[in-house]
Amino acid sequence: MTDTNYKFEVGEWYKTRNGWSAQILDDDFKGPDGKVLVGKVQNEIGFEFVRAWHEDGRWSKDRESGIDLMPPVETKEFWINLYGDYISGGYASNPIADEFASNRRIGLLKITITGDKYEVEKVAI
């Protein structure tokens, strides 16, 4: 279910549960169950349509839906120094990893974590 403590902001873009883009256009509508968010949704082929959500981003009061708004997922980046027989890292930036690297470093990895997905990139040194 969506995070019921998250406040969706007018003008901001979000993703729906099924990965479509959605922008909140107004948050001052009143519905039968309280405040309603109104926005536009753009599907994977670019078709746009208007939708309304409960204040917590749910499209349906009773069940999860592909059109539910999802709070943004935080992205974290870390840099790892590679050596012949060990690694050193978890540094917050490439310059910090460089600062703590010894002359025995053979590589540098940038690790990006977004939600439950991750990406590993070899950085030139």
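From the alpha carbon gyration tensor of the chain, can you work out the equivalent ellipsoid semi-axes (sqrt of 5 times each eigenvalue) and give them in Å, largest to smallest?
Output for the chain: semi-axes of 43, 14, 12 Å.
Name the residue, out of TRP53, TRP79, TRP13, whose mean-square fluctuation peaks in a Gaussian network model built on the chain with Cα pairs under 10 Å.
Of the options given, TRP79 has the highest mean-square fluctuation.
Can you put VAL50, VAL36, VAL123 in order of Cβ neighbours within 10 angstrom, beginning with the fewest?
The most exposed by this proxy come first: VAL50, VAL123, VAL36.
How would you classify the stretch 13-70 from its alpha-carbon gyration tensor, with a ≥ b ≥ c the square roots of the eigenvalues: rounded for a/c under 1.5, else prolate if a/b is greater than b/c, otherwise oblate?
In terms of gyration-tensor shape, oblate.
Grab the beta carbon distance between THR75 and ILE45, set R0 = 25 Å, and tell me the FRET efficiency rounded to 0.05.
0.40
Can you sort TYR86, TYR118, TYR91 so the residue with the fewest Cβ neighbours within 10 Å comes first?
TYR86, TYR118, TYR91
A short reminder: the numbers here are calculations on the coordinates, not readings from a lab. Everything quoted here is computed from the prediction, not taken from an experiment. Cβ: placed from backbone, ideal geometry, glycine included. Neighbour counts: every protein chain shown.
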